[in-house]
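The values are calculated or read from the model by the stated rules, or taken from the named source; none is laboratory data. In this text, all values refer to a predicted model and were calculated from it rather than measured experimentally. Every residue, glycine among them, receives a Cβ derived from its backbone with ideal geometry; neighbour counts consider all protein chains shown. For accessibility, only protein heavy atoms count, side chains too; no ligands or nucleic acids. Shrake-Rupley method; radii C 1.70, N 1.55, O 1.52, S 1.80 Å.
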Amino acid sequence: MPGMLMDGGGAIVPFSGEPGHAVAAAPPVRNIRHGVAPPISRVYVSFSSGNLLQVACLRPPNPEGGGDRGAEEVSGGRVVEVNLGGGGSGPGGADAEEIDEAEMRRIEYGSVPAFALLQSRKNALVDGSGMSRLPSVSEHAEWWQYVLEYSKTIGSLLGNPDSLSAYMIDDPKMILKVKEKPTSLKAAWELLEIFFVDKQLQTWLPERLVDWLADYDSLLTKTENTIYRTLINFQKKLINLQVVEDDPDYWSGLSAALSVGWLDIVVNMLRFHGSYQLDQMDSRETENGLVEAVAVLVSTMPRMRPDLPSGKLGQCCKTRPDFIKALEKWRGQVSKLECSAFWIQCGHQKTRDGLKSLLHIMLGNIKNLTASTSHWLELFASHLLYIRPFTVGFEGMHQLAQKCIQLKPSADNSGLTGLLTGILSENTEVVLAECTKNFGPWMVTHAMELLTADNDYADMMLHEERPNFGGISIEELHRLVYAQVLCSHALTWQIAPTYLSSCLNQGLGLLEILLLKQPIQDNRVVLKTLEICRLYELENVSTNIMKIAGIYHWKHGRKGTGVYWFQQANDKVRLDRIAQQLFEHIGKSVTDDSFKQWEGLLELLGSDIGSAGGLEFLHRYRDFKRSLQMAQEGRTGESVRQTVEFLIQLMRNPSTPQRFWLPLLHDSVRLLNCKPCPLLNVAETTLLLNKLQELSLAKLRPDFSNIHLPSHALNSVRLALASNLARAILEEP
């Protein structure tokens, strides 16, 4: 057969682990923290956007009555996102080695107020100007300030830039010290802020990129060398070095740090030079003078920026003319030192060569800059510092970046370098793809506002409604994806409505589905859901949730809780049905024990349900029973008369069902017989006798409801009423 491989055991595509082939590397294993209590019945795997893989872990269906368990056990499952590119499994798609799940949740919750405030301001601008198109918001002069404030707030959540890399000058043996580990998420956010939002940085954008590289140089690559890694390795080696100036790594570290503008590190490392030691066997004043002269030149290097952070060295120049003047003067001093005759008197060859290399870097020698840097982005920063400090605009920077990539090609392209390349090429699609691929839904959702702050093309592209997306825009699509990730976790679903409500086309519909699908076993979850409905004015959804909660609790035997939710939902249909069932249940066996069993539910239902079909009667009947009990206990004479009044009211009320007449009269027999004086007058007694006569005739009908009373009950009532009538007639005047 053509194309069949005969040495692979008949396999069309030989497996690398088969005999005769090289052993394949072990496949990467990613631990998924799903948090679902065992047992897990099913696992579903599906691809999401970018490099994200969605893994759904589902528990078996809960048995009947499972609502009494804890919230953890009743959970039906959970959807976890796995970043195949970075190996992360956090909800935001960030690398798990950088940001753990709890930290990502803190970021997610902290970003909600800033996002909601920005959306509120956007809506206010739209309403104030009467615009119908959202993209026009970016034309307002104050909009970029709102976005900048939003960006600063989000950036503070991701970490403190001042504490990412703090260079220690106090410790003579410490080159740099990392207080807080930098994260790619923070680095990417700062890149977007630098290029898309902060207009104040336009005059000193190269310097801002140098500062950014100083904070995040360690994140550029995981496999290749960087200046940060070079300094870290030398820091470990420095402990065992007696004469640092004899070590080539000392001078290579100095050149590398100087090439990217880490002036404080360079000055600190120059102080390690042996010529500064007091216990010298020979005279090294000239050598020390040259080292100190270079250190002074480094510390006074002109920087075109408004100010310098604490601990940073350099000479600030706020305007371009001042910078040009200071730069010419400073380079003249560097050239003068390079041509000095003192180099001949310097007897240490490595010191002389190392210092000369530093001077060449300060003069912008391309050969020295290329040799001192490891990554193309470091070479890019060195060009901005020493060769092209006035580079402005994306086009010029992109051309420079392409040249640096050719000089320093990198096989390990991290998400940050890909993001920066997309930014410099002014390709919004690439920027969006890099954010989606490497930083996850959280980054994409919140970075949309940065991309559209002052970019008309990005504004139009992200807000354009697309038929292939179901009539929604790219911005809304990514918000819906991020909301789905939030909804999959029991601790973050509460903040998903903020993002769903900002989606004008499909957000509110999905929000209603989200709220209706929340578990109603726990009243705290129900109350939280109802609060969200109140905030977003979803009265119909709130009513349906209360009805669902009422049905659930009623079916599981919690009658009182069910009635409470029906009342909150103003569900008269179900309340009427419950009242009718209660009325019929009590009517089947009107005994003290039966009535006490339902008295609490009757109290909860209240008497204000006009269409309850006898609920008002049950409340009157309850009052009658209480008064009758007090009268039989002989507490007060007033209770006796009140009992009689309740009896007459019940018998006269047309809402009193006929099947209750005999139980009412039979309950009063003992009270009527035990009193020597008549409790009822002639008219009242005649009323009761007429009711009794109607009841006797009704017994002949086939639909008569038989109450379980003694067979002599009717005769006992008739005898008691006749006796009371006789006494009433005798006592009437």
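Restricting attention to the stretch 264-319 and to residues that are in a loop (DSSP other than H, G, I, E, B) and of a type in the set (A, V, I, L, M, F, W, C), the residue that is modelled with the lowest pLDDT turns out to be M281. Every test in (1) in the same structural domain as L355 (by the TED database); (2) more than 17 Å from A214 (Cα to Cα); (3) among the β-branched types (V, I, T) is passed by V267 save one, and that test is (2).
Here are some conditions: (1) surrounded by fewer than 16 Cβ atoms within 10 Å (Cβ to Cβ); (2) under 54 Å from the mean Cα position of the chain (by Cα); (3) within 28 Å of V243 (Cα to Cα). E328 meets all but one. Which one does it not meet? E328 satisfies all of (1) surrounded by fewer than 16 Cβ atoms within 10 Å (Cβ to Cβ); (2) under 54 Å from the mean Cα position of the chain (by Cα); (3) within 28 Å of V243 (Cα to Cα) except (3). Among residues of the stretch 653-667 that are farther than 12 Å from L721 by Cβ, those with a beta-carbon under 7 Å from a residue that is among the polar types (S, T, N, Q) at least six positions away or on a different chain give the pairs R659/S705.
Where helices (runs of 4 or more DSSP H) sit wholly within the stretch 130-234, those with at least 2 residues that are modelled with pLDDT under 85 and closer than 27 Å to A453 by Cα occupy 143-158, 205-216. Applying a threshold of 8 Å to beta carbon distances and a minimum spacing of six or more residues, or different chains, the list of pairs starting in the stretch 237-251 at a residue that is open to solvent by 60 Å² or more (accessible area, probe 1.4 Å) and ending at one that is assigned to a loop (DSSP other than H, G, I, E, B) reads K237/D247; I239/K173. Report yes if some residue within the stretch 288-308 is acidic (D, E), open to solvent by 10 Å² or more (accessible area, probe 1.4 Å) and closer than 25 Å to T203 by Cβ; otherwise report no. Taking every residue of the stretch 288-308 in turn, at least one turns out to be acidic (D, E), open to solvent by 10 Å² or more (accessible area, probe 1.4 Å) and closer than 25 Å to T203 by Cβ. Does F646 meet the test of being among the hydrophobic types (A, V, I, L, M, F, W, C), in the same structural domain as V717 (by the TED database) and within 60 Å of the chain's Cα centre (by Cα)? Taking the combined requirement at face value, the residue does not satisfy it.
Applying a threshold of 6 Å to beta carbon distances and a minimum spacing of six or more residues, or different chains, the list of pairs starting in the stretch 112-128 at a residue that is open to solvent by less than 70 Å² (accessible area, probe 1.4 Å) and ending at one that is modelled with pLDDT under 85 reads K122/V137; L125/V137; L125/H140.
Rundown of residues vs (1) open to solvent by 40 Å² or more (accessible area, probe 1.4 Å); (2) without any contact (Cβ under 8 Å) to a residue 24 or more places away in the chain; (3) out of contact with any Phe, Trp or Tyr (no Cβ under 8 Å at 6 or more places or on another chain), yes/no style:
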residue: H463; (1), (2), (3): no, no, yes
residue: F469; (1), (2), (3): yes, yes, yes
residue: A490; (1), (2), (3): yes, no, yes
residue: L500; (1), (2), (3): no, yes, yes
residue: L504; (1), (2), (3): yes, no, yes
residue: G507; (1), (2), (3): no, no, no
residue: P519; (1), (2), (3): yes, no, yes
residue: R534; (1), (2), (3): yes, yes, yes
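Does the stretch 179-224 hold any residues that are farther than 20 Å from L419 by Cα and either in contact with a Cys (Cβ under 7 Å, 6 or more places away or on another chain) or in contact (Cβ under 8 Å) with a residue 40 or more places away in the chain (or both), and which are they? K181, T203, W204 - these are the residues of the stretch 179-224 that are farther than 20 Å from L419 by Cα and either in contact with a Cys (Cβ under 7 Å, 6 or more places away or on another chain) or in contact (Cβ under 8 Å) with a residue 40 or more places away in the chain (or both). Residues in the stretch 343-352 that are exposed (fewer than 14 other Cβ atoms within 10 Å of the Cβ) and touching a helix residue (DSSP H, G or I) at 6+ places or on another chain (Cβ under 8 Å): Q345, G347. When you scan the stretch 357-381, how many residues do you find that are more than 18 Å from L191 (Cα to Cα), touching a Leu at 6+ places or on another chain (Cβ under 7 Å) and open to solvent by less than 30 Å² (accessible area, probe 1.4 Å)? Result for the stretch 357-381: 6.
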